[in-house]
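Report on one structure; see the data block that follows.
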Amino acid sequence: MDANTQWVMTGTALLGVAGGVLGSFALLRRRALVGDVLAHAALPGVAGAFLATGTKAVGPLLAGAAIAAVAGVLTMSAIARFSRLKADAAMSLVLTVFFGLGIMLLGAAQRSPGGNQSGLDKFLFGQAAAIVGRDVRVITLAAALLCLLVLLLFKEFKLLAFDPEFGVGIGLPMAAVELVFNLAVVLAVVIGLEAVGVVLMAALLVTPAAAARCWTDRLHLMVPLSGLFGALSGALGTAVSLVGPRMPTGPLIVLAATGIFVASLLLAPRRGLLARSLRSLRTRKAAQRERLLVALYDLAEEAAGAGNAPAVTAEALERRRGIPARSAGPQLARLAREGLVDEAGGTWKLTGRGLAEAYQAARSERLHLVYLMHQADLDGGMTDQGVRPAFAPEIVPQLEQWLRQHGLEPRLLPGHTAGEVG
Amino acid sequence: MGALAPLVIILVGAQVAGACALVGSFLLLRRMTMLGDAISHAVLPGIAVAFLLSGRPQSPWALLGAAAFGLLCAYLVQALQRAGVREDAGTGVAFTGLFALGVLLISAFADHVHLDLDHVLYGEIAYAPWDLWLVGERSLGPRALWTTGGIFLLDLAAVLLFYKELKFCAFDPETAEAAGINVRAFHYLLMTLVSVSAVAAFDAVGAILAVAMLVVPSATAYLLTDRLSVMLGLAVGLGALASALGYLLSRATDTSVAAAMAVSAGGLFALAFFLAPRHGLVARWRRRRSDG
């Protein structure tokens, strides 16, 4: 990797860190799109600064961008505060009208002497490949400044994200905190404009944070993780752009971030889609098994009560309990493998161990039934809403009494040979 | 065509603005204007793919491809929401990803096709009078006049046909659901219309300024009235006015027509923000003073 590429990679990675860290707070404030708005709103500042100074030096252009973005922030809060329009409309209005103004100024700038398109155009789509040593120093400085700011004001930003009213209550100047935060976003946007452009800077402020959110519920983990994802996106996008001559870095960085997000959404251990669907599959399986055990118990109890052998046919399961033979078959086979049922001549019989477990399942289900019937008379409650409900121990005797009153107590007791009716 | 050119440009602009204002008003009421922003970006890969496949601009495939990706974006936002990603974050992730894909496709493959990033940004409205629709030997007039007019009529027909349902869904989706309206279906109907209108706007005024047409006239109208039917009419009228003013502004300053239209719409909004009879800043301030 040559020195130039190293500069580009360092620059984009640091940009990712800044975007990721600030984006976490913006995301939790439900203001994920503010970066998008500010990135657009900065354009008239860039073009205006060029018209005013006549140079394409980065300093004045970035200063102009910052001024315009701040004006955008103020306009946005003024619209949301002083009219009946909601925050989303205020954001869209500022985004599009400022951007239109920017394009108009850009048009004027292009006709002025020395203002050919190539210099200013890169603010629209970015030109990461043109990052040089000096830019990296600017980006590094800004990224370090932003990280330091977040470190210093972590508590304040956290309150801003989660509970600004509480912040006001304990005497913090939350309006000032919000302004500082917005200025920080403006700084991140402004340094990002050159590298990834107006249009795609927004992504660096949303996507890494959204990816980090999948992995953790804790802010002090989410912020560094989001920064790490941002850095990874920057480096990865830059690396891929080296592959071909016509691979623009900005979009590739965004796509790298999107890839990290998709992977996080699928694979994250608790909130990830894969983990969640596995969890719900397991729960469904367990519930099915429970339902089958209860059905076997009920039918066996009934048969034993009528003086017959407590055996159950698949046909009875289907007709009496609505468990179709098609799904009962594999489930019964699984119970047989666990040693809970035996098959004999097309009928199924609970083994000793099977009866013990089925007894518990049936008892639990019937306790739940009387619990629901008498819920209004009870103080205590349930401790667990899982597949097999559990009750607070102090209400169990009362529930058992009701169970007997209703004649619902399970009569086929485990421990005896199956078939004895207690 | 020369003498009529300004008229054609203004009319195309007005039709785009009208189409966008009709659907944009519903987006505004549902607090989903940023989704309009997202969709108008997300249509880019659809247009790029259609270009790559058909090899020429202005094909009906571009419209189809764009509408498909606009819908995909709306769908992704909903799907992400179901997966626990909040709407604003999901919107940001989905549209930046799709837009990046579009830019990548264009710069990697479409160098020789007539589709450059300038077109994406500024649209082609200034050339609209000279791009004629030829059927055999006969010219039917500027093509954009037909396409944007058709899309305006499509939106108008949909709004007239489903006015009650769209209104119900916009103001009170829960009750609408309870009343047996398929809120989901109408959500996607609205998103389809937004996508199609965004494409029309995209072609005429470019990606980002399409949002101006979706949001600014309807937001202005929202400050001027409390009745939805009046708001829709006002929004369409304001859009047309912004188109005419924008054209004049662009002639006066010699700048992009599309950008000037957006800025004009912004100017009209600023007027309403301060001077609207009931909801304007001055009226509010007066009311507060006479109250206190």
| Regarding A:Ala257, is this residue within 11 Å of another protein chain (Cβ to nearest Cβ) and in contact (Cβ under 8 Å) with a residue 40 or more places away in the chain? | yes
| request: Kindly check whether there is at least one residue in region B:217-231 that is crowded, with 24+ Cβ neighbours inside 10 Å, part of a helix (DSSP H, G or I) and under 12 Å from the mean Cα position of the chain (by Cα). | output: yes
| task | Just give me the residues in region B:279-292 being surrounded by 14 or more Cβ atoms within 10 Å (Cβ to Cβ) and not aliphatic (A, V, I, L, M), in sequence order. | result | B:His279, B:Gly280, B:Arg284
| query | Looking only at helices (runs of 4 or more DSSP H) that fall completely inside region B:1-94, which ones have 2 or more residues that are in contact with a strand residue (DSSP E or B) (Cβ under 9 Å, 6 or more places away or on another chain)? | reply | B:5-29
| remark: Of the candidates A:Leu105, A:Leu101, A:Leu124, the one satisfying the condition of being open to solvent by 50 Å² or more (accessible area, probe 1.4 Å), within 14 Å of chain B (Cβ to nearest Cβ) and at pLDDT below 90 is A:Leu105
| said: Tell me whether region A:48-67 contains one or more residues that are under 15 Å from A:Val180 (Cα atoms), more than 30 Å from the chain's Cα centre (by Cα), open to solvent by 30 Å² or more (accessible area, probe 1.4 Å) and modelled with pLDDT of 90 or more. | reply: yes
| query | Mind checking which residues of region B:219-257 are within 13 Å of chain A (Cβ to nearest Cβ) and under 18 Å from B:Pro277 (Cβ atoms)? | reply | B:Ala219, B:Thr220, B:Ala221, B:Tyr222, B:Leu223, B:Leu224, B:Thr225, B:Asp226, B:Met231, B:Ala235
| note | Here the residues within region A:270-286 that are in a helix (DSSP H, G or I) and open to solvent by 80 Å² or more (accessible area, probe 1.4 Å) are A:Leu274, A:Arg276, A:Leu278, A:Arg279, A:Arg282, A:Arg284, A:Lys285
| message | Suppose the filter is within 10 Å of chain A (Cβ to nearest Cβ) and either of a type in the set (Asp, Glu) or surrounded by fewer than 24 Cβ atoms within 10 Å (Cβ to Cβ) (or both); does B:Ala276 pass it? | response | yes
| task | Name the one entry in A:Arg30, A:Arg111 that is at positive phi and surrounded by fewer than 21 Cβ atoms within 10 Å (Cβ to Cβ). | result | A:Arg30
| task | Identify the single condition in (1) surrounded by 22 or more Cβ atoms within 10 Å (Cβ to Cβ); (2) under 21 Å from the mean Cα position of the chain (by Cα) that A:Leu219 does not satisfy, given that it satisfies every other one. | result | (1)
| task | Evaluate the following for A:Leu183: is it modelled with pLDDT under 90, away from chain B (no Cβ under 14 Å) and assigned to a helix (DSSP H, G or I)? | result | yes
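A quick yes/no check of all residues on (1) within 14 Å of chain B (Cβ to nearest Cβ); (2) closer than 15 Å to A:Gly23 by Cα:
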site: A:Glu165; (1), (2): no, no
site: A:Ala175; (1), (2): no, no
site: A:Leu200; (1), (2): yes, yes
site: A:Ala212; (1), (2): yes, yes
site: A:Trp215; (1), (2): yes, no
site: A:Met222; (1), (2): yes, yes
site: A:Leu236; (1), (2): yes, no
| field | Residue that is of a type outside the set (Ser, Thr, Tyr), touching a helix residue (DSSP H, G or I) at 6+ places or on another chain (Cβ under 6 Å) and part of a helix (DSSP H, G or I), where the choices are A:Glu301, A:Glu315, A:Glu290 | value | A:Glu290
| remark: Exactly one of A:Leu266, A:Leu278 is within 30 Å of A:Thr207 (Cα to Cα), free of Cβ contacts under 8 Å to residues at least 12 places away in the same chain, within 14 Å of chain B (Cβ to nearest Cβ) and under 39 Å from the mean Cα position of the chain (by Cα), and that residue is A:Leu266
| note | Cβ pairs under 6 Å, 6+ apart or interchain, first in region A:24-35 and in a helix (DSSP H, G or I), second surrounded by fewer than 22 Cβ atoms within 10 Å (Cβ to Cβ), ordered by first then second residue, are A:Phe25/A:Ala161; A:Leu28/A:Ala161
| said: Among the residues in region B:172-185, are any touching a residue at least 24 places away in the same chain (Cβ under 8 Å) and of a type in the set (Ser, Thr, Tyr)? | reply: no
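The values are calculated or read from the model by the stated rules, or taken from the named source; none is laboratory data. Please read these numbers as outputs of a predicted model, since none were measured by experiment. Ideal geometry is used to build each Cβ from the backbone, glycine not excepted, and the neighbour counts take in all protein chains shown. Ligands, DNA and RNA are stripped out before the accessible areas are found, and what is left, the full protein with its side chains, is counted by its heavy atoms. Shrake-Rupley method; radii C 1.70, N 1.55, O 1.52, S 1.80 Å.
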